[in-house]
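The values are calculated or read from the model by the stated rules, or taken from the named source; none is laboratory data. All of these numbers come straight from a predicted model, not from anything done at the bench. Glycine gets a Cβ as well: all are built from the backbone with ideal geometry, and neighbour counts include every protein chain shown. We work out accessible area using only protein heavy atoms, side chains counted, and drop any ligands, DNA or RNA first. Shrake-Rupley method; radii C 1.70, N 1.55, O 1.52, S 1.80 Å.
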Amino acid sequence: MNTNFIRLKEPTPTIVKMFNQWENDPNLVALTRPNRNNENIERQEITIGDLKKRLEHHHIYLLYLDNKLIGEMNYMVDPLHLYKKEPETAWIGITIGEPEARGKGIGYRAIQFLEEQIKQHGLLRIELGVFEFNLQAHKLYKKLGYQEIGLIHNFTFWQNRMWSDIRMEKVLN
């Protein structure tokens, strides 16, 4: 199993197609973006222009398994939605989009890689949010040393009810 993480510099139609596939996968939508109600879980299409605009504020890395694109991870610096408004903080996100790539430790290695990139950027604090029903991701972040710092109640809708967003942080050495 050969994994590679490559910084996205110029989006292509193939990459945009994969992002659209993941962002609209019914098994991932509830895990990757907050939804206010069941109707809010609707199809969202992104374009090459949208992805280029994202690159203005996000450092995006593509995840490959045996040369197949299987996901993406990213960070941004000091976004407005930080729980703790501490300057020089990276906010991270990760999506393992392809089902066959999940549960193989790729997310663990990917987050470690992303932490190194963040350190090279000169940042020493990371914050993230994980929906309370996403037990697998929560367990991964705890294993990697992230600690809970807060809870935002009624943050996202899934399975006919509202769920909280658990905010976590890690200070890098």
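In this entry, ILE70 is excluded by the filter for residues that are in contact with a Lys or Arg (Cβ under 7 Å, 6 or more places away or on another chain) and part of a strand (DSSP E or B).
Among the residues of segment 33-57, just one is open to solvent by 60 Å² or more (accessible area, probe 1.4 Å), under 15 Å from the mean Cα position of the chain (by Cα) and closer than 18 Å to VAL130 by Cα, namely PRO34.
Among residues of segment 45-60 that are within 22 Å of ALA90 (Cβ to Cβ), those with a beta-carbon under 6 Å from a residue that is among the hydroxyl-bearing types (Ser, Thr, Tyr) and buried (at least 16 other Cβ atoms within 10 Å of the Cβ) at least six positions away or on a different chain give the pairs HIS59/TYR75. In summary, ILE6 fulfils each of the numbered conditions (1) outside any loop (DSSP other than H, G, I, E, B); (2) open to solvent by less than 70 Å² (accessible area, probe 1.4 Å); (3) closer than 26 Å to GLU127 by Cα; (4) among the aliphatic types (A, V, I, L, M) with the single exception of condition (2). Does GLY129 satisfy the criteria of being of a type in the set (Gly, Ala, Ser), out of contact with any helix residue (DSSP H, G or I) (no Cβ under 6 Å at 6 or more places or on another chain) and within 24 Å of PRO34 (Cβ to Cβ)? So GLY129 passes the test. Pairs meeting the criteria (first residue in segment 89-118 and closer than 17 Å to ARG167 by Cβ and in contact (Cβ under 8 Å) with a residue 24 or more places away in the chain, second residue of a type in the set (Val, Ile, Thr) and open to solvent by 30 Å² or more (accessible area, probe 1.4 Å), beta carbons under 7 Å, at least 6 apart or on different chains) are ALA90/VAL77; ILE111/ILE94. The residues of segment 9-21 that are surrounded by fewer than 17 Cβ atoms within 10 Å (Cβ to Cβ) and part of a loop (DSSP other than H, G, I, E, B), listed by number, are LYS9, GLU10, THR12. Identification of strands (runs of 3 or more DSSP E) wholly contained in segment 79-173 with 2 or more residues that are surrounded by 17 or more Cβ atoms within 10 Å (Cβ to Cβ), among the hydroxyl-bearing types (Ser, Thr, Tyr) and at negative phi yields 89-96. Residue pairs whose Cβ atoms lie under 7 Å apart, sitting 6 or more positions apart in sequence or on different chains, and linking a residue in segment 119-144 that is over 20 Å from GLY97 (Cα atoms) to a partner that is outside any strand (DSSP E or B) and of a type in the set (Lys, Arg), are GLU127/LYS84.
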